[in-house]
């Protein structure tokens, strides 16, 4: 109402207030994005539209709007967005209700069976394939998830969500298979059967693509930084951890990862601050308390160290995280 | 063998499986049921005794089950009963599963039924249920066993070699099954390997490989393949591997723990994935602490009892010397875990009594100095804990702060050891042993121990 009455600033403020409380409201992000672009605030507009694409990766609208905004900005990402929007617009003619109804009642095996039937008739059905990937995820069948996402990623080059999710799964598959291989080796004296490791450069390319199309996505930054640390590139990892903590100031995991990387880089005071922030954000975050205690010992702050060592021990169970610790 | 055993099998056998949804019903029909139908399993179990096979499932899955030829074959051997579970809800899938299991166990005590609890996504080695019958007839009230998890598709392809000529049963012996499992081992199992550089968030079992032969396993949570309830357990909450056996069995010597896969073997079929976020880096000392933490917060008394019983999972003849070495090592590690648990319980007690500095020092020793095994084995002990003012004063002294620096691990160990005595000593007993030391607060109870707060640090 405010925007239609010409009170653009008031409208944007109302939306910003609403989004602070409802971060997952894609419609509100879309409205904010469109308003911002129309009123010439391209930076805010692109950021909001990218958030819509993150929340609704299988809808053509956000890519279409992003393509238009990037064209105004003279940004080359417009072409990827255009291609992604077209692919999804073509896909709209395929009815996925049969798959979705099975998914809604948790009948994932039925959803897979119906989805495969549809794919026989429409091999490039993107949204059906996406539902299939979700169903396979429910079965912990990571390789099938990755196979489906790989095909979708080719069709949707602008989707940070698809690129990041595929990277997450490939990375998980790599870690898990590597682990299983080592154990088979320990028992049998030879590697097991089906554990072929996927090349890590794909993972890296996908995370870079995700960050290119959604640079403010803290989780993508954190996960990519974890891969970089794992492969001994602490400097570049630190950049992404810093960005993640900046874009998601309320995310304890982002702060904890940043603290860990800062500690590894010898920046102890900054590491203590980040670790402290993580423990404030998540008081039950045992790993963050443990890290903070370790850092406190380094600077000989016995009181702080003892307090957080105790807190770490009292955390009921180790809080499951993507923390690189 | 336990002296409390009363030989004689149950009056009736009831095999129970809960399977619903296309995925699990199909897996049950194509893998679990064919392996249960191998000669040394269901036929050997129910020979000469009344028996029923109870399938707990949803109405939508009934046609798929009833039309299957193996179900008809099963019904020639025993009574098959399908029970509809559509009306059973629950707070999440695990709670629902517990409610469904309760339904499957209803009336068992009154009928003196021996319950065989099957899972729909497992392969049972030929002869497993015959071994269960033997243990039941000896008078055991529960038979606990478990097996490794494998990654499905490739494992299932290899398993086809063991399918019978008419494609209806899977006759796989325990050693062949263990070898297949080693080839297609699930990463979860790898994270439970004691020597792995990572650890799983829920370390409910641990493995010690014996290269070229198999692995020793100690499991806190084991599958109760057989239970014979003496009372109804309709109010049971928890999971069948985490609480059920505590409810059923009062005397743990009536539990039969499978010690060798030659006797009973199973493999659970899964897919590759699970949250890799559940895997954390670890080292030898950190592993002890993490496992102890998990045990402290999750494991029941029966779970802890189970972990004292190592199981051999092997695919060759065992080289006795090598397996004994692995078992001794696993026993030492388990001792360390249970002793570390005693320290975690002590830490919680110290915090409850406002002894923050002493608690902090204990946590420091565990986290920062890796002194997770300083207590030795878990046994009754007396802990002498400096009062808050005394501990705080010591910490701020030069001698105290020096002891916390790097390179002082041995001195810190000695300091901690000064504050522990074997056995449970009352405050009165202690006063005669430690003249000059004042007891500020005495006789604070601790599981397997006692705590006294004293007026000084025993340097």
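The values are calculated or read from the model by the stated rules, or taken from the named source; none is laboratory data. Remember, it's a predicted structure, so these values are computed and weren't measured experimentally. With ideal geometry, Cβ positions are generated from the backbone for all residues, glycine too; neighbour counts draw on all protein chains shown.
Could you tell me which residue of segment B:334-354 is surrounded by the fewest Cβ atoms within 10 Å (Cβ to Cβ), considering only residues that are within 10 Å of chain A (Cβ to nearest Cβ) and touching a residue at least 24 places away in the same chain (Cβ under 8 Å)?
Only one residue tops the list, namely B:344.
Given the condition on the phi > 0 side of the Ramachandran plot and modelled with pLDDT under 95, answer yes or no: does some residue in segment B:434-441 qualify?
Among the residues of segment B:434-441, at least one is on the phi > 0 side of the Ramachandran plot and modelled with pLDDT under 95, which makes the answer yes.
Being more than 13 Å from chain B (Cβ to nearest Cβ), surrounded by 24 or more Cβ atoms within 10 Å (Cβ to Cβ) and touching a residue at least 24 places away in the same chain (Cβ under 8 Å) is the requirement here; does residue A:162 meet it? Explain how you work it out, then say what you get.
Details: more than 13 Å from chain B (Cβ to nearest Cβ): yes; surrounded by 24 or more Cβ atoms within 10 Å (Cβ to Cβ): yes; touching a residue at least 24 places away in the same chain (Cβ under 8 Å): yes.
Considered against the rule, which asks whether it is more than 13 Å from chain B (Cβ to nearest Cβ), surrounded by 24 or more Cβ atoms within 10 Å (Cβ to Cβ) and touching a residue at least 24 places away in the same chain (Cβ under 8 Å), residue A:162 comes out as yes.
Return a yes/no flag: does segment A:112-121 have any residue that is away from chain B (no Cβ under 13 Å), crowded, with 17+ Cβ neighbours inside 10 Å and touching a residue at least 40 places away in the same chain (Cβ under 8 Å).
No - not one qualifying residue is present in segment A:112-121.
Quick one: would you say residue B:371 is within 14 Å of chain A (Cβ to nearest Cβ) and more than 36 Å from the chain's Cα centre (by Cα)?
Spelling it out, it is not the case that residue B:371 is within 14 Å of chain A (Cβ to nearest Cβ) and more than 36 Å from the chain's Cα centre (by Cα).
Which numbered condition trips up residue A:74, out of (1) over 24 Å from the mean Cα position of the chain (by Cα); (2) at pLDDT 95 or above; (3) surrounded by 14 or more Cβ atoms within 10 Å (Cβ to Cβ)?
Tallying (1) over 24 Å from the mean Cα position of the chain (by Cα); (2) at pLDDT 95 or above; (3) surrounded by 14 or more Cβ atoms within 10 Å (Cβ to Cβ), residue A:74 fails exactly one: (3).
Out of all the residues in segment B:421-439, which are buried (at least 16 other Cβ atoms within 10 Å of the Cβ) and assigned to a strand (DSSP E or B)?
Hits for segment B:421-439 are B:421, B:439.
Enumerate the helices (runs of 4 or more DSSP H) found wholly within segment B:8-57, keeping only those where 3 or more residues are away from chain A (no Cβ under 14 Å).
Numbers: elements: B:21-27, B:33-36, B:42-46.
Of the helices (runs of 4 or more DSSP H) lying wholly inside segment B:8-57, those with at least 3 residues that are away from chain A (no Cβ under 14 Å) span B:33-36, B:42-46.
So, in segment B:272-289, how many residues would count as being at pLDDT 85 or above and either facing chain A (nearest Cβ under 7 Å) or under 26 Å from residue A:219 (Cα atoms) (or both)?
So the count comes out to 1.
Could you tell me which residue of segment A:260-284 is surrounded by the most Cβ atoms within 10 Å (Cβ to Cβ), considering only residues that are touching a residue at least 24 places away in the same chain (Cβ under 8 Å) and under 13 Å from residue A:298 (Cα atoms)?
So, considering only residues that are touching a residue at least 24 places away in the same chain (Cβ under 8 Å) and under 13 Å from residue A:298 (Cα atoms), the one surrounded by the most Cβ atoms within 10 Å (Cβ to Cβ) is A:271.
Might you check whether a residue that is facing chain B (nearest Cβ under 9 Å), part of a helix (DSSP H, G or I) and farther than 23 Å from residue B:156 by Cα occurs anywhere in segment A:171-181?
yes
For segment A:86-110, enumerate the residues that are without any contact (Cβ under 8 Å) to a residue 60 or more places away in the chain, within 17 Å of residue A:65 (Cα to Cα) and within 25 Å of the chain's Cα centre (by Cα).
A:86, A:89
Is there a residue being modelled with pLDDT under 95, within 12 Å of another protein chain (Cβ to nearest Cβ) and not in a helix (DSSP H, G or I) anywhere in segment A:265-283?
Looking for residues that are modelled with pLDDT under 95, within 12 Å of another protein chain (Cβ to nearest Cβ) and not in a helix (DSSP H, G or I), one finds none in segment A:265-283, hence no.
Could you check segment B:174-194 and list, in sequence order, the residues that are facing chain A (nearest Cβ under 7 Å) and either out of contact with any helix residue (DSSP H, G or I) (no Cβ under 7 Å at 6 or more places or on another chain) or in a helix (DSSP H, G or I) (or both)?
Answer for segment B:174-194, where residues must be facing chain A (nearest Cβ under 7 Å) and either out of contact with any helix residue (DSSP H, G or I) (no Cβ under 7 Å at 6 or more places or on another chain) or in a helix (DSSP H, G or I) (or both): B:182, B:183, B:187, B:189, B:190, B:191.
For residue B:324, only one of the following conditions fails: (1) within 12 Å of another protein chain (Cβ to nearest Cβ); (2) without any contact (Cβ under 8 Å) to a residue 40 or more places away in the chain. What is its number?
Of (1) within 12 Å of another protein chain (Cβ to nearest Cβ); (2) without any contact (Cβ under 8 Å) to a residue 40 or more places away in the chain, only one is false for residue B:324: (1).
Can we say residue B:316 is surrounded by fewer than 21 Cβ atoms within 10 Å (Cβ to Cβ), within 12 Å of chain A (Cβ to nearest Cβ) and farther than 30 Å from residue B:347 by Cα? It would help to see each step written out before you state the result.
Values: surrounded by fewer than 21 Cβ atoms within 10 Å (Cβ to Cβ): yes; within 12 Å of chain A (Cβ to nearest Cβ): yes; farther than 30 Å from residue B:347 by Cα: yes.
Criteria met by residue B:316.
Find the residue count for segment A:72-95, including only residues that are closer than 16 Å to residue A:47 by Cα and either in a helix (DSSP H, G or I) or touching a strand residue (DSSP E or B) at 6+ places or on another chain (Cβ under 8 Å) (or both).
Final tally of qualifying residues: 5.
So which of B:412, B:403 is modelled with pLDDT under 90 and either surrounded by 15 or more Cβ atoms within 10 Å (Cβ to Cβ) or closer than 30 Å to residue B:300 by Cβ (or both)?
Exactly one of B:412, B:403 is modelled with pLDDT under 90 and either surrounded by 15 or more Cβ atoms within 10 Å (Cβ to Cβ) or closer than 30 Å to residue B:300 by Cβ (or both), namely B:403.
Regarding residue B:394, is this residue more than 12 Å from chain A (Cβ to nearest Cβ), at pLDDT below 95 and either within 24 Å of residue A:290 (Cβ to Cβ) or buried (at least 17 other Cβ atoms within 10 Å of the Cβ) (or both)?
Values: more than 12 Å from chain A (Cβ to nearest Cβ): no; at pLDDT below 95: yes; either within 24 Å of residue A:290 (Cβ to Cβ) or buried (at least 17 other Cβ atoms within 10 Å of the Cβ) (or both): yes.
It is false that residue B:394 is more than 12 Å from chain A (Cβ to nearest Cβ), at pLDDT below 95 and either within 24 Å of residue A:290 (Cβ to Cβ) or buried (at least 17 other Cβ atoms within 10 Å of the Cβ) (or both).
For the structure I just gave you, tell me whether residue A:180 is closer than 23 Å to residue B:281 by Cα, touching a strand residue (DSSP E or B) at 6+ places or on another chain (Cβ under 6 Å), buried (at least 19 other Cβ atoms within 10 Å of the Cβ) and in contact (Cβ under 8 Å) with a residue 12 or more places away in the chain.
yes
For residue B:309, state whether it is in a helix (DSSP H, G or I) and closer than 17 Å to residue B:206 by Cα.
So residue B:309 fails the test.
Taking segment B:112-155 on its own, how many of its residues are over 16 Å from residue B:177 (Cα atoms), more than 14 Å from chain A (Cβ to nearest Cβ) and either modelled with pLDDT under 95 or part of a loop (DSSP other than H, G, I, E, B) (or both)?
Residues in segment B:112-155 being over 16 Å from residue B:177 (Cα atoms), more than 14 Å from chain A (Cβ to nearest Cβ) and either modelled with pLDDT under 95 or part of a loop (DSSP other than H, G, I, E, B) (or both): 6 in total.
Test of understanding: among B:261, B:268, which residue is more than 16 Å from the chain's Cα centre (by Cα), surrounded by 19 or more Cβ atoms within 10 Å (Cβ to Cβ) and either away from chain A (no Cβ under 14 Å) or within 15 Å of residue B:148 (Cα to Cα) (or both)? Let's see the steps before the verdict.
Numbers: B:268 fails: more than 16 Å from the chain's Cα centre (by Cα).
Selected residue: B:261, the only one of B:261, B:268 that is more than 16 Å from the chain's Cα centre (by Cα), surrounded by 19 or more Cβ atoms within 10 Å (Cβ to Cβ) and either away from chain A (no Cβ under 14 Å) or within 15 Å of residue B:148 (Cα to Cα) (or both).
Give me a count of the residues in segment A:96-111 that are loosely packed, with under 14 Cβ neighbours inside 10 Å and outside any helix (DSSP H, G or I). Spell out the reasoning first.
Restricting attention to segment A:96-111, the residues satisfying the condition of being loosely packed, with under 14 Cβ neighbours inside 10 Å are A:97, A:101, A:104-106.
With outside any helix (DSSP H, G or I) added as a condition, the list becomes A:105-106.
Qualifying residue count, segment A:96-111: 2.
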